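Only one structure is covered here, and it is reproduced in the block below.
Taken together, the values in this text are just the output of simple stated rules run on the coordinates, not laboratory data. As the structure is a computational prediction, the values presented were derived from the model and not from experiment. Neighbour counts are summed over all protein chains in view; Cβ atoms, including those assigned to glycine, are modelled from backbone coordinates with ideal geometry.
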Amino acid sequence: MRFKRWVVSALILTVRHCSEVGKMVLDRSIDVGFISKPSDRDELESDCAVMDELVPIAASNHRLARRGKVNSEELRNEMLFVREEGSTTRQETDRMLQECGLTESIAMEAASYQAIKASVLEGAGVGIVPLSILDSSEKLDA
């Protein structure tokens, strides 16, 4: 009787900062890394696998809820909840807010999207999050 050899491999998912993922690929402690922005390191090859967009979210009883698209002027007097300094999402949020002249509107930084969503659900303000973190029951048609 012949036995087949099976190669056992493990898929391990670990969340790290983009720069750390790049270092891990370069030192070969991981084979593949997924990062939220293109690598700026010449030694790494990167390609876009998924595109996402940042969207404002509000509680269902908020004045901006169910409006579809909201312009930057409508967000001017809102308290905005965003990700913490250093995250790629925060870098993109800051860039977007600067373009819209809304940098002074940040009321809270959070280390997780769940914390932003919880604050929004309490009616405390408007969150800026990637569309992909919302489940289908939380998404509205524009």
DSSP-defined beta bridges in region 54-138 - what % are antiparallel, rounded to 5: 40 percent
For region 12-44 versus region 103-135, the gap between their alpha-carbon centres in whole angstrom: 27 Å
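Region 1-63: which trypsin sites (Lys or Arg not before Pro) are DSSP loop and have at most 16 other beta-carbon atoms within 10 angstrom? Write out the running numbers ahead of the final one.
Values: sites: 2, 4, 5, 16, 23, 28, 41, 63; in loops: 2, 4, 5, 16, 28, 41, 63.
Answer by residue number: 2, 4, 5, 16, 28, 41, 63.
Taking region 68-119, which trypsin sites (Lys or Arg not before Pro) meet the DSSP loop condition and have no more than 15 other C-beta atoms within 10 Å? Spell out each step's value before the answer.
Numbers: sites: 69, 76, 83, 90, 95, 117; in loops: 69, 76.
Passing sites in region 68-119 are 69, 76.
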Whole-Hz ³J(HN,Hα) from phi, Karplus 6.51 cos²θ - 1.76 cosθ + 1.60, for region 59-72, glycine and proline x: 5, 4, 9, 6, 4, 9, 5, 6, 8, x, 7, 10, 8, 4
Pairwise label distance in nanometres, residue 15 with residue 111, each label 7 Å out on the Cα-Cβ vector: 1.1 nm
Stokes-Einstein D (µm²/s) once Rh is taken as the Kirkwood radius of the chain over alpha-carbon pairs, at 4 °C in 1.567 mPa s: 74 µm²/s
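Using the Cα centre as the reference, give the magnitude of the dipole from point charges on the C-beta atoms of region 39-83 (Lys, Arg: +1; Asp, Glu: -1; all else neutral), rounded to the nearest 20 debye.
Values: 7 positive and 10 negative charges, 144 e Å.
Charge dipole, region 39-83, about its Cα centre: 700 debye, nearest 20.
Could you put 20, 99 in order, starting from the residue whose Cβ has the fewest other Cβ atoms within 10 Å?
Ranked by crowding around the Cβ, least crowded first: 99, 20.
Percent of Cα-Cα pairs more than 15 Å apart in region 1-84, please.
Numbers: 2551 of 3486 pairs.
Roughly 73 percent, once rounded to a whole number.
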Inter-label distance for residue 50 and residue 24, nm, one decimal - labels placed 7 Å from Cα along Cα-to-Cβ: 1.6 nm
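Note down, for region 87-142, the three equivalent ellipsoid semi-axes (square root of 5 times each alpha carbon gyration tensor eigenvalue), biggest first, whole angstrom. Please report the intermediate quantities before stating the final value.
On the way: eigenvalues 74, 38, 28 Å².
That gives 19, 14, 12 Å for the three semi-axes.
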